[in-house]
1. Based on the Kirkwood radius over alpha-carbon pairs, what is the Stokes-Einstein translational diffusion coefficient of region 96-254 at 4 °C with 1.567 mPa s viscosity, in µm²/s?
2. Is the shape of region 5-76 best called rounded, prolate or oblate, per the rule: a/c under 1.5 gives rounded, else a/b larger than b/c gives prolate, else oblate, with a ≥ b ≥ c the square roots of the Cα gyration tensor eigenvalues?
3. Could you give the nm distance between label points at residue 142 and residue 89, where each point is 7 Å from its Cα heading toward the beta carbon?
4. How many percent of the accessible area of the chain is carbon or sulfur, using a 1.4 Å probe?
5. For the chain, what is the accessible area per residue in Å², given a 1.4 Å probe and the full set of protein chains?
Amino acid sequence: AMASHEIDTGTTDLLASLDEGVLTLTLNRPEARNAMSGAMTAALGAQLAAAELDRAVKCVVLTGAGKGFCAGGDVKGMAASGDGTVGENTIDGAIHRQRVNQRATAGRLFKMPKPTIAALPGAAAGAGLSLALACDLRIMASNAILTTAFARVGFSGDYGGTYFLTQLVGSAKARELYYLSDRVSADDALRLGLANWVCEPEALAAKTREIAMRLARGPTVAYRYMKENLNRAMAGEVDDCLDLEATHHVHCGQ
């Protein structure tokens, strides 16, 4: 859109633009199906942290450039270091860095008090699938697919995928999708509840904008507390959820 304001993320691996309250973050390594680089992950974390506190941002859309959404981690880079330390001196440092990165990206998409949408023009695999599942809502092109991918490369999985997938489809189906790493079509994703909408590839941008604008123009304060209520409902005790709903409902009334 002509009115959109481009944001400098510090790297070409992540593009950002703000338009009428909708912040669009585009994973931009199309030659690598938008696999996550260090620069991309750092920039994504920084942009989400800023968006959470920016009153001009009402809704966040995460998408991928070109034909893919995100192929996940840079497996070649991981294999090169072998021991998983990824440029760190110790395994402890590598684990801590990954924990920080996960919380800043998947964790923040899930927890930030604003609606988040993943728009998938193509495959979401591995950590890319985890990022998509961390969002509140998912819109898929009809030719896009989902796959956990980790079993194929000998990794157990990261970026919250086991948590989000279990919550969305139940434990047995999540185990099937992790152990066997089969591809899930857009139609199957819709049937399983992994996708909220499926549309033809050429309609993806318009459908994403339609949903994002509805949210951007919606009740910001109510969305903040709805999201907290809904997140707590995923693991909360019923009385805690009832009590928090009452508090939030009266607060919104104010």
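The values are calculated or read from the model by the stated rules, or taken from the named source; none is laboratory data. Predicted model, so just to flag it, every value in this text is computed and none were measured. Heads up, the Cβs are rebuilt from the backbone with ideal geometry, glycines too, and the neighbour counts pull from every protein chain shown. These area figures cover heavy atoms from the full protein model, side chains too; ligands, DNA and RNA do not enter into them. Shrake-Rupley method; radii C 1.70, N 1.55, O 1.52, S 1.80 Å.
1. In µm²/s, the coefficient is 78.
2. Prolate.
3. It is 5.7 nm.
4. 54 percent
5. Accessible area per residue: 52 Å².
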